[in-house]
Every structure is written in C-alpha cells, then in structure tokens.
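So the structure is just underneath, and the comments pick up after that.
Here, each number is a calculation from the coordinates, and none is a lab measurement. Please read these numbers as outputs of a predicted model, since none were measured by experiment. For neighbour counting, all protein chains shown are included, and Cβ atoms are generated from backbone atoms with ideal geometry for every residue, glycine included.
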Amino acid sequence: MIPFFTGADVERAVPPERALAAVREAFVAYARGEWTMPPKVYVPAYPAGDFRAMPALGGGHALLKWVTSFPGNPERGLPTVTGIVLLSDASNGALVAALDAGAVTAIRTGAAAVIAAETLGRADAKSAAVVGCGVNGLATARTFRATGRPVLVWDVDPARAESAAALVGADVAASRGAALAADLVATVTPGREILLGEGSLRPGQHVSLMGADGPGKAEIAVAELARARVFCDSWEQASHGGELAAAVEAGVLGPDDVAELGDVLDGAAEGRGSDQDITVFDSTGLAIQDLAVALAALEQIDELGDLSQIPI
C-alpha cells in the first residue's frame with residue numbers, strides 16, 4: 001500500500017510559502033547539477049491537447065509525472081490538467097507515494113511565476129497582475145498574495161476573474177490592458193493568443209510567461225522578446241517547446257542571449273541589469289519543480305492524518 005495525496009491533500013501540505021522555498025531550492029539544485037532531469041516527452045493528441053511524461057531525480061527520490069494539457073476541457077466541464085505523480089525512493093526503487101498531478105502542477109507553476117517576478121522584477125515594483133484565472137492562474141495569484149503583494153487578476157471570463165479575486169483577496173482589473181500594465185505580470189493562459197505585441201512592454205516591467213509550455217503556443221511576439229532581457233527555466237525545453245522556440249527558429253535569440261533562472265538564483269548569471277530593463281521569464285514547467293512540491297508534501301504526511309491508500 002502507498003499513500004495517495006489528493007489535490008486537497010497536496011494543497012494542505014504545501015501552502016504557497018512552502019512552495020516558494022521548495023521550488024527555489026530545486027532551481028538552485030538543478031543549476032548546480034545536484035538534481036537531474038531527462039527531457040520532457042510530449043505525446044501529441046492535437047488539436048485537442050497532449051500528454052507529457054516528466055521524470056526527475058533529486059533529494060534521494062525519483063519522480064515521474066504523467067500529465068495532460070487539454071485547453072478546451074473547461075468548456076466541457078473537465079479540467080485542463082489531469083494526471084498522476086509517482087514518487088520513488090532512489091536508493092531501492094520502492095514506490096513511496098502518488099500525488100494528484102493537477103494540484104502539484106498548479107502549486108509549482110504559481111511558485112515559479114512569483115520566484116521569477118521577485119527575482120527579475122525591479123526592487124521598487126509595486127503592482128502585480130495575473131492574466132488568466134484558471135487553476136494555474138489562481139495558484140499564481142494566491143502565491144503573489146502570500147508574499148504580501150496586492151494583485152490584480154483578469155480573465156476572458158469575468159465570472160472566473162471575480163471568483164478568483166474573492167478566493168485569494170485580489171482585485172479584478174478593469175481590462176486586460178490594465179492588468180498587462182502592472183510592474184510584475186504573470187500570463188497564465190492557454191497560449192493560443194499573443195497578449196504582448198511588439199512595443200507593448202514598458203521599460204522596467206517584468207513578465208512571467210507561464211502559458212506557452214508546448215509547441216505552437218505563444219503569449220508574446222518574437223519582436224517583443226528581442227527588446228527584453230530574456231530568462232527561462234530550462235534552455236533545452238524552452239528553445240524547443242516554449243516561447244523561445246519561435247525566436248530561436250527566426251534567429252533572434254540563441255543560448256548566449258538567455259539565462260536560466262536557476263543560474264541567476266545561484267549567482268552564476270546576472271539578472272536584471274537596470275531599472276529600465278524589460279525582463280521576461282519563459283516557463284515551460286520542469287519536473288524538478290514537481291519533485292520539489294512532491295517532497296514538500298511527503299514531509300507533511302504525518303500531519304495530514306489518514307490519506308487514501310493504493311494497493312501496489
């Protein structure tokens with residue numbers, strides 16, 4: 001028998017403050033080569049969506065996340081992201097826990113967006129906004145609030161924006177443009193529409209691009225990437241399946257033009273150079289982030305009480 005962490009269990013075990021610390025530590029461990037992560041495998045089922053297999057090794061454990069991304073699912077009353085996370089003991093291969101992949105993904109997405117914003121944004125940044133109030137956008141807004149920042153939210157569905165605002169103690173932006181004008185912006189959309197065209201970001205702004213996590217998706221124009229100091233979670237992933245892919249294909253960006261966030265956190269790469277810099281973070285989602293959240297949940301297993309058990 002192994003314990004199964006439902007989505008509610010994961011949320012109880014890993015509040016935003018813990019997620020921020022855990023995911024930050026994972027970025028640094030990966031940058032130092034202490035944690036390893038084979039490439040994410042996409043199994044396309046387009047145009048409906050795709051399946052992803054994401055392995056990682058670190059902290060004495062191995063992880064595999066089998067997860068989906070079907071952006072049209074909410075219209076059918078189904079979640080965009082579903083799947084399972086399997087966590088094993090790396091010393092003997094024993095399976096030690098299974099976790100709801102949707103909750104793990106949301107928590108680490110929110111943490112990564114906010115870590116990037118707090119690391120790469122201006123020191124005097126005052127306003128923060130989240131565009132897209134699905135499960136991952138809600139987690140991002142909640143994580144911003146956990147840092148003590150006021151936050152604006154916006155969504156194409158006004159009712160969803162109102163619900164998210166009420167849940168996390170945010171305010172609804174008057175318009176998408178108003179949200180995109182914040183000092184710190186996180187875009188958490190399906191990635192089917194360019195939100196940030198050429199010339200749209202003003203000097204000093206930061207944007208965490210969380211939606212374009214697969215081939216063919218984009219939230220920002222290539223020409224706008226060319227104006228910014230660009231960072232990513234993993235060059236290998238982002239240059240093939242993230243916002244950077246189109247810019248790399250067009251010859252606008254290369255590996256020397258982009259720094260990984262883990263290197264910035266570890267002091268091996270420079271972050272923001274001046275208050276006038278526009279900074280952009282391209283997130284494709286890393287299995288090491290999932291591993292960080294899974295390990296943080298496992299730490300709390302005795303505090304959670306009776307968890308469901310899966311016979312193995």
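Quick one: dipole size for the range 1-124, taken about the Cα centre, charges +1 on Lys/Arg Cβ and -1 on Asp/Glu Cβ, in debye to the nearest 20.
Result for the range 1-124 is approximately 180 debye, rounded to the nearest 20.
Electrostatic bookkeeping for Ser308 treats Lys and Arg as +1 and Asp and Glu as -1; over the other residues with beta carbon under 11 Å from its beta carbon, the sum is -3.
Net charge dipole, the chain: roughly 440 debye, given to the nearest 20, about the Cα centre with Cβ charges of +1 for Lys and Arg and -1 for Asp and Glu. Applying a DSSP loop filter and a limit of 13 other Cβ atoms within 10 Å to the trypsin sites (Lys or Arg not before Pro) in the range 104-159 leaves Lys126. Checking every one of the GluC sites (Glu not before Pro) in the range 246-312 against DSSP loop status and a limit of 16 other Cβ atoms within 10 Å picks out Glu270, Glu303. Taking amide H as placed 1.01 Å from N in the peptide plane, the amide H of His61 sits under 5 Å from that of Ala90, each at least 5 places away or on another chain. Round to the nearest 10 and give me the degree value, 0 to 90, for the angle of helix 135-146's Cα axis relative to the longest principal axis of the chain. It is inclined by approximately 80 degrees.
What aspartates and glutamates sit close enough to Lys217 to cross-link, taking a C-alpha to C-alpha distance under 15 Å and skipping anything fewer than 8 places away on the same chain? Candidates past the 8-residue exclusion: Asp50, Glu193, Glu243, Glu249, Asp282. Relative to the longest principal axis of the Cα atoms of the chain, helix 101-120 runs at roughly 40 degrees. For the pair Gln276 and Ser308, the difference between a 0.36 nm per residue extended length and the Cα-Cα distance amounts to 6.4 nm. Stretched out straight at 0.36 nm per residue, the stretch from Ala123 to Glu249 would grow longer than its current Cα-Cα span by 42.0 nm.
For the range 33-60, the residues whose backbone nitrogen is under 19 Å from a point 7 Å from the Cα of Ala90, taken along Cα to Cβ, are 33-41, 54-60.
Sorted ascending by nearby beta carbons within 10 Å, beginning with the fewest, Ile278, Ile107 become Ile278, Ile107.
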